Amino acid sequence: MATARKKKLLKVCRDCHKVVEGDVCVTCGSSNLTEDWAGYLVIINPERSEIAKRMNIDMPGRYALKVR
């Protein structure tokens with residue numbers, strides 16, 4: 001019999017769009033988080049990424065494209 005795995009509930013900071021696993025954003029320190037988001041973006045090198053520049057992202061990490 002297979003055991004059911006709990007899926008991690010990812011939240012997104014409404015201020016900086018960073019994907020977080022806790023209750024506080026590790027990037028900006030905000031607790032203004034939401035579970036209502038769409039689009040998953042991984043930034044590896046923000047200095048060379050056009051989308052990072054357009055979204056004002058200056059740190060590598062996981063981000064949401066759309067936050068509601």
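The values are calculated or read from the model by the stated rules, or taken from the named source; none is laboratory data. Just so it is clear, the model here is predicted, and its values are computed rather than measured. Backbone-built Cβ (ideal geometry, glycine too); neighbour counts: all protein chains shown. What goes into the accessible areas is simple: the full protein's heavy atoms, side chains included, and nothing from ligands, DNA or RNA. Shrake-Rupley method; radii C 1.70, N 1.55, O 1.52, S 1.80 Å.
For the range 3-11, does any single residue satisfy the condition of being at pLDDT 95 or above and open to solvent by less than 40 Å² (accessible area, probe 1.4 Å)?
no
When the residues of the range 23-68 are filtered to those that are over 18 Å from residue 9 (Cα atoms) and not in a loop (DSSP other than H, G, I, E, B), which remaining residue is farthest from the chain's Cα centre (by Cα)?
50
Taking the range 33-50, which residues are β-branched (Val, Ile, Thr) and in contact with a Lys or Arg (Cβ under 7 Å, 6 or more places away or on another chain)?
Result: 34, 42.
Within the set of pairs 6+ apart or on separate chains, which have a first residue in the range 33-62 that is under 13 Å from residue 19 (Cβ atoms) and among the charged types (D, E, K, R), a second that is open to solvent by less than 30 Å² (accessible area, probe 1.4 Å) and assigned to a strand (DSSP E or B), and C-beta atoms under 7 Å apart?
Every condition considered, the pairs that remain are 62/19.
For residues that are open to solvent by less than 90 Å² (accessible area, probe 1.4 Å), in a loop (DSSP other than H, G, I, E, B) and either at positive phi or charged (D, E, K, R) (or both), tally how many sit in the range 13-22.
Counting residues in the range 13-22 that are open to solvent by less than 90 Å² (accessible area, probe 1.4 Å), in a loop (DSSP other than H, G, I, E, B) and either at positive phi or charged (D, E, K, R) (or both) gives 1.
Restricting to the range 37-56, what's the tally of residues that are within 19 Å of residue 68 (Cα to Cα), of a type outside the set (A, V, I, L, M) and open to solvent by less than 70 Å² (accessible area, probe 1.4 Å)?
Looking only at that region, the number is 2.
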